[in-house]
Amino acid sequence: MVDFHVTNIVANADLGWKIDIGKLCEERNVVRNENFPGVVYKQMEHVKSALIFASGKVVFTGAKSKDSIDNAFT
């Protein structure tokens, strides 16, 4: 391959504890859709968005590097 560039990295994490989605919606600017089992948090510096689920699982999307994922998670 010639001129190969990474433009979008998707990563997932398990926080190890449950998240109160209702409380998260009250405290943060998140997008909630009744047809989706989690919330979308879009105001992040290092990644485009984070999909946050009540189970404690998080999916980061739109990162340009592994360091961006590391910075978003901390």
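The values are calculated or read from the model by the stated rules, or taken from the named source; none is laboratory data. All values derive from a computational prediction rather than experimental measurement. Counting neighbours? That spans all protein chains shown, and the Cβs are built from the backbone with ideal geometry, glycine included. In case anyone asks, the SASA skips ligands and DNA or RNA and just uses the protein heavy atoms, side chains included. Shrake-Rupley method; radii C 1.70, N 1.55, O 1.52, S 1.80 Å.
Couple of notes before you dig in:
- The stretch between LYS42 and VAL6 holds 10.9 nm of extra length on full extension. This uses 0.36 nm per residue minus the Cα-Cα distance.
- Given a 1.4 Å probe and the protein chains as shown, ASP67 ends up with an accessible area of around 100 Å².
- For the chain, adding -39500 (n - 2.57) for each run of n ≥ 4 DSSP H residues and dividing by the number of residues yields -5500 deg cm²/dmol at 222 nm.
- Translational D in µm²/s for the chain (Stokes-Einstein at 10 °C, 1.306 mPa s, Kirkwood Rh from C-alpha pairs): 121
- The apolar share of the surface of the range 18-74, taken as the fraction of accessible area on carbon and sulfur atoms (1.4 Å probe, ligands and nucleic acids excluded), comes to 49 percent.
- For the chain: relative contact order, % (alpha-carbon pairs under 8 angstrom, 6 or more apart): 36
- Accessible surface, the chain, averaged per residue in Å² (probe 1.4 Å): 75
- Sparsely packed loop sites in the range 1-44 (the trypsin sites (Lys or Arg not before Pro) outside DSSP H, G, I, E and B with at most 14 other Cβ atoms within 10 Å) comprise LYS18, ARG28, LYS42.
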